[in-house]
1. Enter the mean projected area of the convex hull around the alpha-carbon atoms of the stretch 10-225, in nm², rounded to one decimal.
2. So, for the stretch 504-556, what is the accessible surface per residue at a probe of 1.4 Å, expressed in square angstrom?
3. What distance in nm separates the two pseudo spin-label positions at Asp389 and Ser287, each 7 Å out from Cα along the beta-carbon direction?
4. So for the chain, averaging the separation of alpha carbon pairs under 8 Å that are six or more residues apart and normalising by length, what relative contact order in percent results?
5. How much net charge surrounds Val252 when only other residues with a Cβ under 12 Å from its Cβ are counted (Lys, Arg +1; Asp, Glu -1)?
6. Taking a threshold of 29 Å on the Cα-Cα distance, which of the pairs Lys174/Lys282; Lys206/Lys441; Lys195/Lys414 fall above it?
7. Dipole of the stretch 379-553, Cα-centred, from +1 at each Lys and Arg C-beta and -1 at each Asp and Glu C-beta, to the nearest 20 debye?
8. Using only Cα atoms, locate the centre of the stretch 5-34 and the centre of the stretch 44-77, then give the distance between them in Å, rounded to an integer.
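The values are calculated or read from the model by the stated rules, or taken from the named source; none is laboratory data. Keep in mind the model is a prediction, meaning the values are calculated, not measured. So basically every Cβ, Gly included, is an ideal-geometry build from the backbone, and we count neighbours across all protein chains shown. When the accessible area is computed, the model is the full protein with side chains, heavy atoms only, and any ligands, DNA or RNA have been set aside. Shrake-Rupley method; radii C 1.70, N 1.55, O 1.52, S 1.80 Å.
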Amino acid sequence: MFCHQCQETMKNTGCNMKQGMCGKSAEVADLQDLFIWGLKGISVWAVKAKEVGIYDDQVGFFIAKGLFSTITNANFDREDFIRDIKQGVAVRDGLKGQFFAAYKQKNGTDFSGAVPECATWIPGNDQDLLVKAASGAGGWLEIADEDERSLKALTLYGLKGMSAYAEHAYQITKSCREVFEFLMEALAALVDDTKSQEDLFNLVIKTGEMGVKTMALLDAANTQAYGTPEITKVNIGVGKNPGILVTGHDLVDLEELLEQTKDQGVDVYTHSEMLPAHYYPKLKQYSHLVGNYGSAWWLQKEDMATFNGPSLFTSNCLVPTKADYRDKLFTTGAVGFDGVPHIPDREEGGQKDFSAIIAMAKTCAPPQELETGQITGGFGHSQVMALADKVIEAVKSGAIKRFIVMGGCDGRHKTRDYYTQVAKELPEDAVILTAGCAKYKYNKLDMGDIGGIPRVLDAGQCNDSYSLAVIAMELQKAFGLDDINDLPISFDIAWYEQKAVLVLLALLSLGIKGIRLGPTLPGFLSPGIAAALIEKFDIKPITTAKEDVAAMMAGH
Ligand code: FSO
Ligand code: SF4
């Protein structure tokens, strides 16, 4: 195996032993590479098919859901990937057949152009497939040039994040054509030998631009389905009923579970990235959506053990475990874990069937209390802009000196205490804008407020980083500034997995410069590409909380 897609990668170079730091086995890592190689093969035909007027939404969705399943901590199940690789070949050959027929009809001759091996490969039996995967087919080490590998990794990881957000949006909108077409075009470009380094650099930037569009799409879809997020106090204590703990990012899954648990004597709690569900009017009206239990994803071993009831994973981050609570785990969507029951996809127009998890919850004790009180969130772009006059006044009067955007991911490394330290070190005239699970590093500190504006404004999930960008663009307009970088805003982003890569590319595509990225710069950046990003965008590694706070407050 060789995997370097997340911030925990071994020695900040690549996981290349029997299993990754995340617990992913070498076999699953190799199968994921082979699967992605197959998705590139489908994309090669999809780009050609587009030229003769063929587009199939289901092919786009297969690719998006497939890439999503290869994100860090989403799917650890070898059987899922063996199944998906074979299904991918069938999808590819179906599309290829359609293209051949349309091509012949249009040109009067058979198509005879050259295509890369991933567009024609046949898996044979399961054993052949495993041998092919173990040979490293489709893996990063097949690319000799480190800068080419780095640019392709930056693109692919951005596409993975885009796929996750597109998959969530698609569950609501049932249409994501522009994003799906871009995914296929970009995947095909990654196996196109004629692309120069400049082409690949441009593809990275285009991925960021499409990232903004994808997050906007998800923002609109969530708002249309569940209302505009509003400022909300969320209970972090527990009730007396047994409960189901829901984690991940999929609001449709949560809504269906809430419907099916109505009047069942079972409460529903959010965990980690599901916390922002409480900010949506349509979801918060369910009285048995009781509160948020525990902290960020990496503390799930502790939180899920004391929760007592079953837990549902609607997306990453899942931590592989053999602990007792494993018997109470359920996965759905792109998530998978060997031997853990998987709740199948909904039929067209129907709902997922959560009866097994509800039945189990009824046999469980209520959750053990970890803490009491409330945390406040729901500061999406429309809520913050509703406070615009107050915010602008506070900036003009000097009551707010600076905004620090601290969105992104949380994680288990000790070095991430930096983000708690930054929050503590910030002077009282600084306000934190956050989104993503990174917020758990400081969202339970008592940071107070500035004239009624809380000093930690939580916009929502990591995809709601879009909201933070909208707020910045609105403030730029309100202050009449030509350059977004002249705003009193600094970016101190924590990354862990590939959705954060997309968020970073999206911010860069909006022209935001001087972003601090930590706890380490990505291991998949070659020295040459890291230098190019630093030169073009002034990206900075983090240093110490003290030094960085001083620099940010001084406008650097
Ligand atoms: Fe966190 Fe995990 Fe949202 Fe990520 S739960 S780390 S960027 O998957 O998705 O913020
Ligand atoms: Fe290693 Fe991260 Fe890949 Fe897991 S996802 S194998 S920790 S680089």
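1. That works out to 12.7 nm².
2. Values: 2110 Å² over 53 residues.
On a per-residue basis, 40 Å².
3. 3.7 nm
4. Values: 1060 pairs, mean separation 94.3, N = 556.
Relative contact order for the chain comes out at 17 percent.
5. With Lys, Arg at +1 and Asp, Glu at -1, the neighbours total -3.
6. Lys206/Lys441; Lys195/Lys414
7. Approximately 400 debye in magnitude.
8. 23 Å
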